[in-house]
Amino acid sequence: MNKRRRGLVTAWQRLRRRRGLCLLAAIACVLFFGFLLFSKNAEGNNSQNVGGLKGEEHHERRDAPVIQKEVDYQQLKRPVYEKPPLDPQALGEFGRAVRLNLQGEEKKLEEESISKHQINIYLSDKISLHRRLEERWNPKCKTVKYDYYKLPKTSVVIAFYNEAWSTLLRTVHSVLETAPDILLEEILLVDDYSDKEPLEKHISGLKKVRLIRAHKREGLVRARLLGASKATGEVLTFLDCHCECHEGWLEPLLERIREKETAVVCPVIDVIDWNTFEYLGNSGEPQIGGFDWRLVFTWHVVPERDQKRRRSPIDVIRSPTMAGGLFAVSKKYFEYLGSYDTGMEVWGGENLEFSFRIWQCGGTLEVHPCSHVGHVFPKQAPYSRSKALANSPLAATKELVGCKQNCGVQCVYLFL
């Protein structure tokens, strides 16, 4: 009996020892897992703190590309040349009118320049070739962003004949100082057999400017075709030889042609006074082109039906005809249309003939409110009006009898 009791006591003691060990083990496990849990929480808190820092760092890095993107965007907008430092007191700066109170020999020189060029070249020679123009576009135009890498490059074609150097060079510098370098392929100056002193000395140091000379007097149409035949840009932009380009004039034209290759797009043509060189730009509603019964180009207000088609005041406006001197067209589409009619003589009428062909051959002729180019309208037409009127019957005959063979679509006659 005693042995049995001693055995039970011994077993109980062993069991107690085991329970004690288990309890110790349990306490150790609780402490161990508690420590792990605490450590995990602490690590989680640290991770959150680090995550917060990373979030802030990430936020900074997210902002940095925006800043970098803006820097890159401004770089892409940079023209071929920057304008020289501003002199607010310079004659004609910001497109201000200049009136010289001349007498004697100076007055005589001024009158001679007007008689020869129908523009006050005496004054033009005194105004900077790099003058700035006051902003005259719709403020919404400044908010438009362009994908410069996707826009086509353009060749600017400027034909001239015995043009005064100051107005011609102001046109050239105006393009170079407003057109983004990335978009301007070249400027092609086509000399239509002028008998003046060589132009080379004035342009030899200018980047992207090429001079092409006709071997005989060709007239505006064939001179422009000569330039177009040498152009390497995807888009042809035609300008007159006495223009000044407003900031941001080129991008809207190229963007529209990128959207629709068969669109022929004109800038808003702002008036530059032939006598005072005042820039009379207008930020209001542009006008569109038409013609009268003599087939002479005329300006008209935008019809209400076309106003309703537009969702924004900076949307393009359809125009029946163009003034002719300033427009951009895809080179491919220009060739598809058959380009200009080489039978046109000197000047006038080609704008209507080409306008009719655009509409008949599946294209659209448009004015872009965000593109502004100033144009010096001479005191009188540069050539005899009979030359222009002689071209008009040719334009009418061609367009009312039939389309160009290579137009590729059935003719639709437009009586506007």
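The table that follows gives values for the structure above.
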item	result
The stretch 185-198 - phi-based ³J(HN,Hα) in whole Hz, Karplus 6.51/-1.76/1.60, Gly and Pro as x	6, 5, 10, 9, 8, 9, 8, 7, 6, 5, 10, 9, 4, x
Projected label distance in nm at Lys201 and Ser128, using a 7 Å step from Cα toward the beta-carbon	2.5 nm
Nitroxide proxy distance, nm - points 7 Å out along Cα→Cβ at Arg305 and Lys145	3.8 nm
Segments 178-187, 112-121 sorted - mean Cβ within 10 Å per residue, highest first	178-187, 112-121
Using a Förster distance of 60 Å, the FRET efficiency for Lys230-Leu102 (Cβ separation, nearest 0.05)	0.90
Peptides 263-273, 331-341, 159-169, 138-148 ordered by average Cβ neighbours within 10 Å, highest first	263-273, 159-169, 331-341, 138-148
The stretch 120-169 shape via C-alpha gyration tensor axes, a/c threshold 1.5	oblate
Three-way shape label, the stretch 188-237, alpha-carbon gyration tensor, a/c 1.5	oblate
Residue-span extension gain [Leu280 to Gln118] - 0.36 nm each, minus C-alpha spacing	56.5 nm
Under 15 Å, Cβ to Cβ, from Pro88 - net charge with Lys/Arg +1 and Asp/Glu -1	+1
Hz values of 3J(HN,Hα) by residue in the stretch 234-250 - Karplus curve (6.51, -1.76, 1.60), Gly and Pro given as x	6, 10, 9, 10, 9, 10, 6, 8, 9, 10, 9, 8, 7, 3, x, 6, 7
Rounded if a/c under 1.5, otherwise prolate or oblate - the stretch 113-201, Cα gyration tensor axes	oblate
Gain on full stretching of the segment that runs from Thr262 to Gln380 - 0.36 nm per residue minus C-alpha separation	39.1 nm
For Thr298, residues with placed amide H under 5 Å, excluding near neighbours	Gly290, Phe291, Asp292
Dipole magnitude of the stretch 139-228, debye to nearest 20 (Cβ charges: Lys/Arg +1, Asp/Glu -1, about Cα centre)	320 debye
Local electrostatic count, Lys379, Cβ distance below 12 Å [Lys/Arg +1, Asp/Glu -1]	-1
At 1.002 mPa s and 20 °C, Stokes diffusion of the stretch 183-316 via Kirkwood alpha-carbon radius, µm² per second	119 µm²/s
Apportionment of accessible area to carbon and sulfur, the stretch 201-346, percent (1.4 Å)	50 percent
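The values are calculated or read from the model by the stated rules, or taken from the named source; none is laboratory data. This structure is a prediction, so every number in the text was calculated from the model and none was measured. Reconstructed Cβ throughout: ideal geometry from the backbone, glycine too, with neighbour counts over all protein chains shown. What goes into the accessible areas is simple: the full protein's heavy atoms, side chains included, and nothing from ligands, DNA or RNA. Shrake-Rupley method; radii C 1.70, N 1.55, O 1.52, S 1.80 Å.
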